[in-house]
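The values are calculated or read from the model by the stated rules, or taken from the named source; none is laboratory data. None of these values were measured; they are calculated from a predicted model. Glycine gets a Cβ as well: all are built from the backbone with ideal geometry, and neighbour counts include every protein chain shown. Quick note on the areas: whole protein, heavy atoms, side chains included, nothing else; ligands and nucleic acids left out. Shrake-Rupley method; radii C 1.70, N 1.55, O 1.52, S 1.80 Å.
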Amino acid sequence: MIPFGDPTASYKFHKQEINEAITRVLESDWYILGNEVKSFENEFASFHADNLHAIGVANGTDGIALSLQSLGLGIGDEIITTAHTAVATVAGIEQAGCTPVFADIEPIFRCIDPKAIESKIGPRTKAIMPVHIYGQPCEMIKILEIARVNDLNIVEDCSQAHGAEIEGKKVGTFGKLSVFSCYPTKNLGGIGDGGIILAKSKKDAELIKSLRQYGWNKKRESLITGTNSRLDEIQAAILRIKLKHLSHDNLKRRKIAEKYNQAFRGLPMGLPRMKKNELHAMHLYVIECENRDSLMDFLKENRIGTSLHYPLPVHQHLAYANRIRGLDDLNKTESFYKKNLTLPLYPELSPNSVEKVIECVTKWFQNKK
Ligand SMILES: Cc1ncc(COP(=O)(O)O)c(C=O)c1O
């Protein structure tokens, strides 16, 4: 079976380094928030730009909640985001006590549409949370301008776009704060839960560091109300190794995507696009195709795994149905979800497997005629 994603393949590829790192942590006398976390935070910050600060947290959802809390946002404050995302984005917004508001996507690149953001700004809007979905950077230049004119914060959700760039500038360096999940399937993934936040100001970073650990100061006195959302040493040690390989792994992802795109160019389906002035992180390779359930079944019969990212847009999940502002204006999001299908793509995917996917997808279209 060719799986649509394969975190174990990444472990096997870096096995020796990872095993050594785990042993190093096991034999150290510090398992939580020690040197590995500090080093990962420093390395992750400098990977993105000079003068940034990084804060390791327990997962990306907490990262979103803590970021918003650190900006003083909570009950009654609206955050404009997209329904075309992992439920986690919205769960994190609500965990902070804030109110999500949905803006529609731009259908070619599938990210939040800056024009739709503008149309949703109201008196309670406090921040914009663009999600670089599937590794495709959002239109950050336009979003920055909207935020400037309307005096809004930007918190980027970069959970699917580690290492993506716009004009040579990494995503995660546009917003005041940026959040990355390090869940095992991500481009930068651990062997358990993990997340990391980037902050432009040291003051914000110090506040988040305190919030992630009961609101403590250095003497372990709780000065504010916080929580427990710490990154552990084993995850940090593994993420340090994965970070060294991230740019090369992303390159491998893009090469596979280019191969797919070339092979599928003549077929009647929507393909991921890559802009010339950007580096797509190609977290997921998602096509749009009529009768996608039939294609999915055909690929399964041929031992090719696929998935849906996602089965439903967030506003159609029962937990969020009929209660979020903007849900009646998401036509482009909804039509995308009738056709989306995720094909196998990860750095270790073999050339033979890529060929097999191409062959089977092409065959399904030929049989349809
Ligand atoms: C877009 C997006 N935002 C946030 C998250 C939250 O991450 P986590 O699962 O680490 O809480 C994820 C991961 O699933 C994600 O894909």
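Inspection of segment 134-154 identifies no residue that is open to solvent by 10 Å² or more (accessible area, probe 1.4 Å), within 16 Å of the ligand (Cβ to nearest atom) and among the aromatic types (F, W, Y).
If a residue must be in a loop (DSSP other than H, G, I, E, B) and in contact with a strand residue (DSSP E or B) (Cβ under 8 Å, 6 or more places away or on another chain), how many such residues does segment 117-135 contain? Even if it seems obvious, please write down each step before you answer.
Going residue by residue through segment 117-135, those that are in a loop (DSSP other than H, G, I, E, B) are 121-124, 129-130, 132.
Subsequent filtering for residues that are in contact with a strand residue (DSSP E or B) (Cβ under 8 Å, 6 or more places away or on another chain) retains 121-122, 124, 129-130, 132.
Result for segment 117-135: 6.
Total residues in segment 89-116 satisfying the condition of being within 13 Å of the ligand (Cβ to nearest atom) and closer than 18 Å to Q136 by Cα: the figure is 4.
Taking first residues from segment 63-80 that are at pLDDT below 95 and away from the ligand (no atom under 16 Å from the Cβ) and partners that are of a type outside the set (G, A, S) and assigned to a loop (DSSP other than H, G, I, E, B), no Cβ contact under 8 Å between residues at least 6 apart in sequence or on separate chains turns up. Counting only residues that are in contact (Cβ under 8 Å) with a residue 12 or more places away in the chain, over 21 Å from L66 (Cα atoms) and in a helix (DSSP H, G or I), segment 140-170 holds 7 of them. If I ask for residues that are open to solvent by less than 10 Å² (accessible area, probe 1.4 Å), in contact with a Gly (Cβ under 7 Å, 6 or more places away or on another chain) and part of a loop (DSSP other than H, G, I, E, B), which ones from segment 171-183 would you list? Correct list: C182 only. Test I121 against the stated conditions and say whether it is open to solvent by less than 10 Å² (accessible area, probe 1.4 Å), among the aliphatic types (A, V, I, L, M) and at pLDDT 95 or above. So I121 fails the test. Here A54 meets each of (1) surrounded by fewer than 22 Cβ atoms within 10 Å (Cβ to Cβ); (2) more than 19 Å from D151 (Cα to Cα) with one exception, condition (1).
Each row is one residue, and each column tells you yes or no for (1) without any contact (Cβ under 8 Å) to a residue 12 or more places away in the chain; (2) part of a strand (DSSP E or B).
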residue	(1), (2)
A205	no, no
Q235	no, no
D249	no, no
K255	yes, no
Y260	no, no
A263	no, no
L267	no, no
I287	no, yes
S294	no, no
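Which condition from (1) open to solvent by 10 Å² or more (accessible area, probe 1.4 Å); (2) more than 17 Å from T8 (Cβ to Cβ); (3) of a type in the set (G, A, S) is the one that G192 breaks? Every condition holds for G192 apart from (2).
In segment 160-173 there is no residue that is under 17 Å from R240 (Cβ atoms), charged (D, E, K, R) and either more than 10 Å from the chain's Cα centre (by Cα) or modelled with pLDDT of 95 or more (or both).
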